[in-house]
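Quick notes on the structure that follows.
The values are calculated or read from the model by the stated rules, or taken from the named source; none is laboratory data. Not measured: the values here are computed from a predicted model. Positions of Cβ are generated from backbone atoms using ideal geometry, with glycine treated the same way; all protein chains shown enter the neighbour counts.
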Amino acid sequence: MRKIFRNLVSIEKALEIVESMKSLVSPEFEVVDITDGYSRVIAEDVFSPLDVPTFDRAAMDGYAVKAEDTFGVDESNPSLLRVVGEVETGEEAKVRVERGEAVRISTGAMMPEGANAVVMVEYTNERDGYVEIYRSVAPGENVVFAGSDIMAGELLAKAGSVLTAREAGLLAATGIGKVKVYKKPEVAIISTGNEICGWNEKLKPGKIYDVNTATLSLAVVENGGKVVFRRVVGDDEEDLKKAIIDATKVAKIVITSGGTSAGEGDMIYRLLERIGKVLLHGIAVKPGKPAVFAVVRNKPVFALPGYPTSAFMIFEVFVSPFLRYLSGLKEEKREVEAITGVRIHSPQGRRELRPVCLTKTRDSYYAYPISGNYSAMVSKLAIADGFVEIEENRIILEGKVKVKLFSTLKPSDLVIIGSHCIGVDVILRLSGIRAKTINAGSTGGLLAVKRGEADIAGTHLLDESGEYNVPIMRKLGVNALLVKGYLREQGFIVKKGNPKKIKWFEDLLREDVRFVNRNPGSGTRVLLDMHLRKIAEEKGEKFEEITKKIKGYEIEAKTHTSVAVAVLSGKADVGLGIKSVAEMYGLDFIPVRAEEYDFALKKEKLNKESVRKFLETLRSEEFAEEIEKLGMRVWERTGEVIEVN
């Protein structure tokens with residue numbers, strides 16, 4: 001029987017429920033050695049029990065004297081003082097200095113009683129038990145007085161502050177070797193689903209690797225917790241029940257992922273209802289609607305959706321503050337103000353938490369939305385810096401927005417959207433530019449430049465006229481600059497020895513040939529479809545009829561590397577890609593034509609330092625040498641700028 005979400009609650013109501021769950025668990029404390037306490041939260045104010053230094057000490061090698069005995073002296077009129085002893089570093093000063101006397105002293109040594117200054121050894125000359133002083137000193141000169149660094153009773157570390165190397169040094173200087181800190185809350189993580197496979201296992205057909213345990217484990221640590229229990233459980237209610245019960249025995253909080261939606265195979269809701277108390281089932285938010293919060297054996301249980309982005313977003317909004325409360329970490333506002341780089345569209349009726357990428361200009365941050373089915377795609381989460389909250393009644397968000405960060409922000413210098421190429425990776429490596437690269441195909445990249453989402457788009461679109469990129473940019477209405485890039489050989493990637501004897505595009509139609517395609521909008525896909533249309537015309541058939549004859553035409557790889565891996569692993573007999581990737585994987589390559597891989601960008605982007613650096617590297621001799629090793633080459637037009645309008 002299909003289980004429906006009982007009552008969708010608002011984010012605000014869900015946060016109230018999480019707040020009420022704090023009554024189930026309280027922060028705990030422990031005393032740790034300061035050398036074991038890195039990043040721990042200090043639980044109480046720490047005061048110095050003594051002065052640092054605890055005694056007056058010499059700041060220089062020289063002679064401890066009464067300053068008055070040096071007044072008015074110079075090289076022509078030195079003062080002659082009797083040397084009555086010596087104090088080395090680390091020993092107690094047992095000698096006393098009277099008028100007319102001096103004590104030999106080392107840097108850091110205890111000042112002898114009666115002395116109030118140190119004359120540097122460079123301005124002295126000792127002989128026959130006396131020392132000549134050639135420079136006068138003032139009282140206190142070259143002396144570090146007791147308590148001048150830290151005074152007894154001074155606050156050293158505040159409750160709630162995080163122990164780092166600096167605080168540890170401060171505590172050690174006062175003899176404090178142990179400190180009371182918040183205990184890291186113990187957390188259990190359970191991933192559910194028959195399709196889930198552990199990272200170290202061989203992936204079987206129909207299985208996927210466990211993403212959520214990895215992302216949630218590190219998110220727990222980042223928010224002050226400690227993972228003490230991990231388990232992957234199939235869709236078996238009794239197995240899941242046992243895992244949750246076992247988890248509550250060792251952890252303060254239990255986090256599950258998967259099995260929360262309203263499908264017949266999802267049992268987490270009814271299980272938690274049976275063994276505990278469900279506090280909510282469903283939040284009026286996208287992504288993450290199917291979340292379930294419950295109490296089992298007096299322990300909070302957060303059942304998150306199975307999709308990685310959905311699970312992570314619900315963790316960030318609801319579980320993260322809960323962990324920070326238990327671990328003593330401040331509920332800091334990790335957010336920045338940004339300007340939307342493009343209009344962000346959202347469906348009405350549900351609050352949306354839209355992941356975004358951030359770029360930074362000299363004056364502002366710009367937020368670009370992650371599009372597509374971002375709830376399910378791991379790659380979408382990996383490139384996001386944070387998210388914006390879009391209210392239920394808004395369908396368009398633009399202008400200034402608050403971006404809630406996933407972690408400490410490390411903004412990219414550059415956003416590159418377009419066709420994937422390892423030549424771009426070479427430019428980024430040589431230039432040292434920190435960039436976000438989004439593989440959306442050539443067409444997707446050009447449209448991103450048009451909308452202002454990308455700084456640069458990599459493109460290699462061939463027009464029917466035989467010219468690359470410029471005619472397509474005009475057709476798409478992309479008024480921008482095109483910087484000519486480099487040439488790369490495009491062709492068929494096949495297994496070593498070409499066992500299927502692939503020669504040309506007609507061979508893709510054979511019954512015994514399996515093909516792996518590229519994504520729509522990529523230059524490689526355009527090249528393929530051009531040749532297939534030509535075949536269709538010659539055969540007097542429709543283009544769609546030709547594509548139906550190709551086994552695997554609908555299987556789309558986002559990158560050339562993915563094409564090569566598909567061929568190498570035996571999933572496909574042939575794919576269309578670039579020569580450099582074929583060589584990288586030890587595969588054979590059948591050339592089709594050399595294509596022009598270029599870069600599109602708005603004219604105003606030339607003022608951006610990272611863009612200038614990117615283009616300088618493209619034109620450099622070092623880059624030319626590097627890509628030649630990869631089977632690509634620069635040519636006489638590399639770096640040429642064309643204004644397209």
Filtering the stretch 488-521 down to residues that are in a loop (DSSP other than H, G, I, E, B) and in contact with a Leu (Cβ under 9 Å, 6 or more places away or on another chain) yields LYS495, LYS496, ILE502, GLY521
Worksheet item: Do we have GLU44 as more than 24 Å from GLY147 (Cα to Cα) and touching a strand residue (DSSP E or B) at 6+ places or on another chain (Cβ under 8 Å) here?
Response: no
Hey, PRO347 in a loop (DSSP other than H, G, I, E, B) and modelled with pLDDT of 85 or more or not | no
Check: Can you find even one residue in the stretch 171-187 that is of a type in the set (A, V, I, L, M), modelled with pLDDT under 90 and either surrounded by fewer than 19 Cβ atoms within 10 Å (Cβ to Cβ) or over 23 Å from LYS241 (Cα atoms) (or both)?
Finding: no
Of the candidates GLU30, GLU88, the one satisfying the condition of being surrounded by fewer than 19 Cβ atoms within 10 Å (Cβ to Cβ), out of contact with any Gly (no Cβ under 7 Å at 6 or more places or on another chain), without any contact (Cβ under 8 Å) to a residue 40 or more places away in the chain and not β-branched (Val, Ile, Thr) is GLU88
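Listed here are the residues, each with its yes/no results for (1) surrounded by fewer than 21 Cβ atoms within 10 Å (Cβ to Cβ); (2) β-branched (Val, Ile, Thr).
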{"position": "GLU554", "(1), (2)": "yes, no"}
{"position": "GLY570", "(1), (2)": "yes, no"}
{"position": "VAL574", "(1), (2)": "no, yes"}
{"position": "GLU583", "(1), (2)": "yes, no"}
{"position": "ILE590", "(1), (2)": "yes, yes"}
{"position": "LYS603", "(1), (2)": "yes, no"}
{"position": "LEU606", "(1), (2)": "yes, no"}
{"position": "ARG612", "(1), (2)": "yes, no"}
{"position": "ALA624", "(1), (2)": "yes, no"}
Taking the stretch 44-82 and keeping residues within 30 Å of GLY328 (Cα to Cα) and among the small types (Gly, Ala, Ser) leaves SER48
(1) of a type outside the set (Asp, Glu); (2) under 25 Å from LEU481 (Cβ atoms); (3) in a strand (DSSP E or B) all hold for ILE590 apart from (2)
Subset of the stretch 456-469, residues surrounded by 19 or more Cβ atoms within 10 Å (Cβ to Cβ) and farther than 17 Å from GLY423 by Cα, comes to LEU462, TYR468, ASN469
Within the stretch 563-577, residues under 32 Å from the mean Cα position of the chain (by Cα) and either part of a loop (DSSP other than H, G, I, E, B) or among the aliphatic types (A, V, I, L, M) (or both) come out as VAL563, ALA564, VAL565, ALA566, VAL567, LEU568, SER569
Going through the stretch 168-217 in order, the residues found to be over 30 Å from GLU154 (Cα atoms), touching a residue at least 60 places away in the same chain (Cβ under 8 Å) and either assigned to a helix (DSSP H, G or I) or aromatic (Phe, Trp, Tyr) (or both) are ASN212, THR215, LEU216
Verdict on ALA376 being aliphatic (A, V, I, L, M), under 22 Å from PRO290 (Cα atoms) and modelled with pLDDT under 85: yes
Selection from the stretch 155-170 of residues surrounded by fewer than 17 Cβ atoms within 10 Å (Cβ to Cβ) and more than 26 Å from the chain's Cα centre (by Cα) yields LEU155, LYS158, ALA159, GLY169
Going by what's in this entry, would GLY258 be described as more than 14 Å from LYS299 (Cα to Cα), of a type in the set (Gly, Ala, Ser) and in contact with a strand residue (DSSP E or B) (Cβ under 7 Å, 6 or more places away or on another chain)?
yes
Practice task
Answer yes or no: is there a residue in the stretch 222-231 that is in contact with an Asp or Glu (Cβ under 7 Å, 6 or more places away or on another chain) and either touching a residue at least 60 places away in the same chain (Cβ under 8 Å) or not assigned by TED's automatic domain parsing to the domain that holds LYS299 (or both).
Solution key: no
Answer yes if at least one residue in the stretch 436-443 is in a helix (DSSP H, G or I) and surrounded by fewer than 22 Cβ atoms within 10 Å (Cβ to Cβ), and no otherwise. no
Practice prompt. Return yes when VAL611 is of a type in the set (Val, Ile, Thr), under 37 Å from the mean Cα position of the chain (by Cα) and closer than 26 Å to ALA480 by Cα and no when it is not.
Written response: yes
Reported set for the stretch 232-245 where residues are in a helix (DSSP H, G or I) and in contact (Cβ under 8 Å) with a residue 24 or more places away in the chain is GLU237, LEU240, LYS241, ALA243, ILE244, ILE245
Can you confirm whether SER580 is touching a Gly at 6+ places or on another chain (Cβ under 7 Å) and either in a strand (DSSP E or B) or more than 16 Å from LEU482 (Cα to Cα) (or both)? yes
